[in-house]
Amino acid sequence: MKRYVYINDDESSKELYCDNRISNRKYTLWNFLPKNLWEQFSRFMNQYFLLIACLQLWSLITPVNPASTWGPLIFIFAVSASKEAWDDYNRYLSDKKANEKEVWVVRQGIKKHIQAQDIHVGNIVWLRENDEVPCDLVLIGTSDPQGLCYVETAALDGETDLKTRIIPSACMGIDFELLHKIKGVIECPNPDKDIRRFDANLRLFPPFIDNDVCPLTIKNTILQSCYLRNTEWACGVAVYTGNETKLGMSRGIPEPKLTAMDAMIDKLTGAIFVFQIVVVMVLGIAGNVWKDTEARKQWYVLYPDEGPWYEVLVIPLRFELLCSIMIPISIKVSLDLVKSLYAKFIDWDFEMIDQETGIPSHATNTAISEDLGQVEYILTDKTGTLTENRMIFRRCCISGIFYGNETGDALKDVELLDAVSGGSPDVVRFLTVMAVCNTVIPVKSKTGAILYKAQSQDEDALVNAAARLHMVFVNKNANILEIRFNGSVIHYEVLETLEFTSDRKRMSVVVKNCQNGKIILLSKGADEAILPHAYAGQQTRTFIEAVDQYAQLGLRTLCLAWCELKEDEYQEWSLMFKEASSTLVDREWRIAEVCQRLEHDLEVLGVTAIEDRLQDGVPETIETLRKAGINFWMLTGDKQNTAIQIALSCNFISPEPKGQLLLIDGKTEDEVFRSLERVLLTMRITSSEPKDVAFVVDGWALEIALKHYRKPFTELAILSRTAICCRVTPSQKAQLVELLKSCDYRTLAIGDGGNDVRMIQQADIGVGISGREGLQAARAADYSIGKFRFLKRLILVHGRYSYNRTAFLSQYSFYKSLVICFIQIFFSFISGVSGTSLFNSVSLMAYNVFYTSVPVLVSVLDKDLSEGTVMQHPQILFYCQAGRLLNPSTFAGWFGRSLFHAIVVFLITIHAYAYEKSEMEELSMVALSGCIWLQAFVVALETNCFTIIQHLAIWGNLVAFYVINLIFSAIPSSGMYTIMFRLCRQPSYWITMFLIVAAGMGPVLALKYFRYTYRPITI
Amino acid sequence: MEISTNGATTSSAAVGGGGGLEAKKSKKPKYSRFTQQELPACKPIVTPGLVITTFTIIGIIFIPMGLVSLSASEHVVEIVDRYDEVCTSNFHNKVAYIQSVSTNKSCTRTLIVPKLMKSPVFIYYQLDSFYQNHRRYVKSRSDKQLRNKAAENETTTCDPVARSQPDRAPIVPCGLIAWTLFNDTYGFSVKDKKIEVNKKNIAWDSDKGHKFGSNVYPKNFQTGGLIGGAKLDPSIPLSEQEDLIVWMRTAALPNFRKLYGRIEEDLQPNEEITVVIQNNYNTYSFGGRKELVLSTTSWIGGKNDFLGIAYITVGGLCLFFAVTFILLYVIKPRPLGDPSYLSWNKSPSGHPN
């Protein structure tokens, strides 16, 4: 499907395409309530609570006032709804701001100031310097005579360098005034979210130019949310507007990630639900039997002989309602609340602020902090993640001569400096490639120094190094590059740029030397992408040696090559290239194919070696996390040797004899299979030995292994604690994550560049390093941190605490609900199994929503061990990883405790308040206060570190309970009028409370002490 | 290449005016001990000393308290006399007997005072296996109607005793609870001298003042075909019908005592008290029991050994824990905080399993 955009045609496209109104809103004023309610009720838990609440409206079966469920339910719904509404309102405000921004647009041939939302497809939009682009535009004019303009795309892809955009050739040289009247048609694909591609054609209508089709690429567009820089003005035709822009299309709510803990809580909720159904059925049957045998004899309840048809259901349903509190209604809200607090703690953490840039860590996804504490595999990118991604040119090899080997810095190598000043032709050509073969833009600062704006750190390093060696790239004026070398100025005209893609692994430029008119092809790229294309007869052995030698040192290598082209050869190729560039289908592949035709018979000039230093603290971080039982996989696009060297230097793998590296390689299926089998065999044998075995696999073998030998490879993945995958593509990275996830491992992917985005989104937890390759990874990630070493703190401190806290919070929530529910069940046995509620509605509601939730919410500030201890003994993390704090058996412990406490409270209450004291309201308050006292002590016993907040919450809550109930007891119309005053005056009430606390907590404390001291759990 | 940005991207860029980095820097969090999770805290550890001391102290406090409670309970003098069986021992069909209107149901019992009973001596009637807490029963009342004359018609909650048959006039007080009002009466005498029973102020003042209206008079009460329990004098307002008020404070347990009245003179040891019981109330059809209780009181309430025994048991248990832990500590000492106990320090490989 294509869309045809008629330039400057006000009428035709108005109906067809949407206007430029941006809307990120999820709701409108009218559909908010129904839509939000629908969303909330699509969750099972909410459906359950709604059912319970509806059943309670039937007064025949409801044991308590319906308000006791409706109140919390409405409260919880109101909380989530207002949060949504607030978010949506903020989105509305920011949309409005963007929509009402004033822009200059041509209307009926006259420039008019209109609001951004009124732009239509086909309108010509004028922008001034530093303006934000309101929609996706195809450039048709700029202030620059060459038709260039510069844009900053940080909001789009996070890259902070300036990008050059150029007007299409057809629009070249159109007069400023005529731009108002330009007419034509742009044939472009339907909107998509690919910000690297725009395969379209432009045809201008007469009188502007003949009916020639002019290809358009992404280079001819400026996209929404970019900023125009260093250009006085620019104008363009709106092609995609509103939510149909590239940015708008890529918006979307990522699928919510579910933590292992949430899954476990869901499972336990299901188990409790089943338990509840069983209890309800048993009690329902018992109740009906009791009714038919005993209650008929009890004249005082006056059971009618013939009941309605549903009579048999009444008692079971009553018990269903009584037991409905087993599933705590507040757990979802509490969990959401504490999870956002965990995220805030990460944001606030001073020790995770990048000191260089001052950027704090950030948790984008607030819902998965517990998973951090359960990570089993970390898949890490290399460049920019383990290393600083600050490239420094260190060594080079020019026509067989090694420079920089002695000093470790070629720029200080006297021999090279001599060769440069001597004008050795090989060296000069080498430097020319370094300076010219790139897409760097030099910017003159006010002080006169030249700054380079480069997309790739490697290019930046090369251009800077060339400048240090007196080959200075001074200025880029449209296609003319100005190079100063040893005092003389050389001009090159860039004819074509054969761009770098990760498939081609090389980039080339075709330039024309303006002095002598020679056309040359300059190439640089990975060794395997350059060396095979050397002209027949060139000895490439020294270069291979050089590449190996540099890789051994962990340096990044690039081969530089050049080739002189004949005029006609270039012209012929240029046509093909032009044609390939204007295809709409498979353009990238066609271009690659055409480029291939030119890039042959190269003369390899030499090899550059660029150092990328390790970040601070990387080896320590890896060692600590490894001790914590986390397995590391390194996935890099870099070559094998470099990867291994970096791996060695950052403790990733151990050198022989402690460690062993197994290689999986091969070009064919058979070779790969044999190699895989061999490695697997070795793995199986050595898995018992205390030896660090790691396997190395390259992209090609990985492709085959994943495709044909998934099973043995999966087995290998499970056996191996360490792996290095080199030369892998972004999609392979994501595949590996998928593989580990399918084996039920918790994976964390960490990376910094655009090529890591897929892996980051695929993994259970994605961590992005807000590094030099832009913010793309950090944006897609769940957590963004400044440095790799913060990962240690993120996992061991934040992840672990979050896990512990949620484990306590969720189980406690069930425990406290079960206590009160068991008491109700026990009470039903002494009230004729008729479904009487011991507690009144207000107490039940306040118990769940207020009395028991405040202390436990504060208990999430608890720290079981100090941060220092955990850092010192990272093995402690095993405990979280294995899920030892929240699993069916710990849950059974809490279940047992709730049963025990319910028995204690119930038995003591009914015996201490027997006979003449057995008044309903009093007895119910005694039981309730017994529960509240126990809760305070249970929370206190489970708290490991008391801050002032915890004391306030635990003991303050106990006091608040009495204050609230005394207030209720002072209201004459309330059911419990004077009850609490009467109780508080009785010595026997206080004696009963102490008895409940001692009898309930004594055995728990004894058991805890015994287990902690004499039966500690081995990790 | 796909990008993943959410809606906020555009807006943040728009607000920051392109200065994405500057905007980020200003986000630098403020330092506080709370945000850094470094609030001063005390971290109690369950050390042997702490645990043993706690248990010892609890034991030492609880056992004497138990003894005090027990002695308080022992000082209470209580006479319990079950009369439902004895009073009907001559009749084969007890249910028919109790339901018949014509039979004379008076019954005489003799109680012997075991110890001096200082005034006031409380008279209770005790019902066993009477489910005043049955859901059908406990819900069958209308608090509004009891409190307020105007709310006479608020009888919807009172089913099945809401309206009188056949004229559908509202019953005041309506509901099962009021309908089943206990109607046995007791007359006490010692050596043919009548003992005065004070039936004033047996109900809670708060109930008399706020729950039962002083202008609400019984109406259509016990007029239907089926008579439940006692009748009420229609000329006395509900706030003064203290037997009703007491009865309507429903009991939470199936065995309960309710205050009948007070004897405001001392009862001497070995005195014989003659009680003339009007045995009207039907507990026979459901196998319940009726007892007459005379009891003094103490600071802990009536006679109830439970608290004392429970305190001694819990105190003993705590002492037992303390002794066990001391023994364990002596026999098998276990230093705290010794890293050699850490499992990864024990296993040579450095890894678990």
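Read the figures in this text as sums done on the coordinates, not as results from a lab. What you see is a predicted model, and the numbers here were worked out from it, not measured in a lab. Backbone-built Cβ (ideal geometry, glycine too); neighbour counts: all protein chains shown.
Computed values, structure above
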| read-out | value |
| --- | --- |
| Cut-off 11 Å between beta-carbons: net charge of the residues surrounding residue A:471, Lys and Arg +1, Asp and Glu -1 | +3 |
| The range B:77-296 - percent relative contact order, Cα under 8 Å, separation 6 or more | 41 percent |
| Entries in A:2/A:505; B:144/B:208; A:267/A:344; A:711/A:741 that, when Cα-Cα distance is taken, lie over 20 Å | A:2/A:505; A:267/A:344 |
| Mean projected area in nm² (Cα convex hull; one quarter of hull surface) for the range A:867-1019 | 11.6 nm² |
| 222 nm mean residue ellipticity, helices alone, for chain A (DSSP H n ≥ 4; -39,500 (n - 2.57); rounded to 500) | -14000 deg cm²/dmol |
| Centre separation in Å (Cα based) which lies between the range A:11-53 and the range A:333-407 | 37 Å |
| Sorted by Cβ density within 10 Å, fewest first, the residues B:273, A:450 | A:450, B:273 |
| FRET efficiency, 1/(1 + (r/R0)^6) with R0 45 Å, evaluated for residue B:149 and residue A:278 via beta carbons | 0.35 |
| Cut-off under 5 Å, modelled amide H: who pairs with residue A:184 long-range | A:7, A:205 |
| Peptide A:830-839 - average C-beta neighbours from other chains (10 Å radius) | 5 |
| Proxy reagent accessibility, fewest Cβ within 10 Å first, across A:447, A:380, B:157 | A:447, B:157, A:380 |
| In order through the range A:632-640: 3J(HN,Hα) via Karplus (6.51 cos²θ - 1.76 cosθ + 1.60), integer Hz, x for Gly, Pro | 10, 10, 9, 10, 9, x, 6, 7, 4 |
| Of every Cα-Cα pair in the range A:390-611, the percent that sits beyond 33 Å | 12 percent |
| Greater than 28 Å apart at Cα, pairs in A:193/A:639; A:578/A:639; A:163/A:339; B:105/B:193; A:691/A:863 | A:193/A:639; A:578/A:639; A:163/A:339; A:691/A:863 |
| Largest-first ellipsoid semi-axes for the range A:968-1019, taking √(5λ) over the Cα gyration tensor eigenvalues, angstrom | 41, 13, 5 |
| Whole-Hz ³J(HN,Hα) from phi, Karplus 6.51 cos²θ - 1.76 cosθ + 1.60, for the range B:320-335, glycine and proline x | 4, 4, 4, 5, 4, 5, 5, 4, 4, 5, 6, 6, 10, x, 9, x |
| Contact order relative to length of chain A, as percent, for alpha carbon pairs under 8 angstrom and 6 or more apart | 11 percent |
| Rg in Å to one decimal, and Dmax rounded to a whole Å, for the protein assembly as shown via C-alpha atoms | 43.0, 147 |
| Residues A:309, A:933, sorted so that the one with the fewest Cβ neighbours within 10 Å comes first | A:309, A:933 |
| Average other protein chain Cβ within 10 Å of Cβ, residues A:904-914 | 4 |
| Burial order of peptide ranges A:492-498, A:791-797, B:301-307 (average beta-carbon count within 10 Å, highest first) | A:791-797, B:301-307, A:492-498 |
| Taking the convex hull of Cα positions in the range A:14-128, its mean projected area over all directions (nm²) | 10.3 nm² |
| Listed residue pairs exceeding 29 Å between alpha carbons, taken from A:917/B:211; A:816/B:332; B:118/B:200; A:83/A:787 | A:816/B:332; A:83/A:787 |
| Average Cα contact separation per residue, the range A:390-611, under 8 Å, 6 or more apart, as relative contact order % | 21 percent |
| Order by protection proxy (mean Cβ within 10 Å, highest first), peptides B:255-267, B:218-230 | B:255-267, B:218-230 |
| Whole-Å semi-axes of the range A:586-705's equivalent ellipsoid (Cα gyration tensor) | 33, 22, 13 |
| FRET E, pair residue A:104, residue A:674, Förster distance 45 Å, beta-carbon r, rounded to 0.05 | 0.10 |
| Percent of C-alpha pairs per 5 Å bin, the range A:332-459, short to long | 2, 8, 10, 12, 13, 12, 9, 7, 7, 8, 6, 4, 2, 1, 0, 0 |
| Exercise: per-residue mean of other protein chain Cβ atoms within 10 Å, A:83-93 | 1 |
| Efficiency of FRET between residue A:399 and residue A:505 - r from beta-carbon atoms, R0 22 angstrom, step 0.05 | 0.45 |
| Longest to shortest principal axis, alpha-carbon extents of the range A:894-983, angstrom | 43, 30, 17 |
| Residue B:128 versus residue A:738: modelled label distance in nm, points set 7 Å from Cα along the beta carbon direction | 7.4 nm |
| Computed over the range B:77-296, the ratio Rg/Rh where both radii use C-alpha atoms and Rh is Kirkwood | 0.98 |
| Spatial separation of Cα centroids for the range A:176-219 and the range A:409-450, in angstrom | 39 Å |
| Order by protection proxy (mean Cβ within 10 Å, highest first), peptides A:121-133, A:831-843 | A:831-843, A:121-133 |
| Between the range A:969-1019 and the range B:118-168, the alpha-carbon center distance in angstrom | 33 Å |
| Test item: Cα-centred dipole of chain A, Lys/Arg +1 and Asp/Glu -1 on Cβ, debye | 2480 debye |
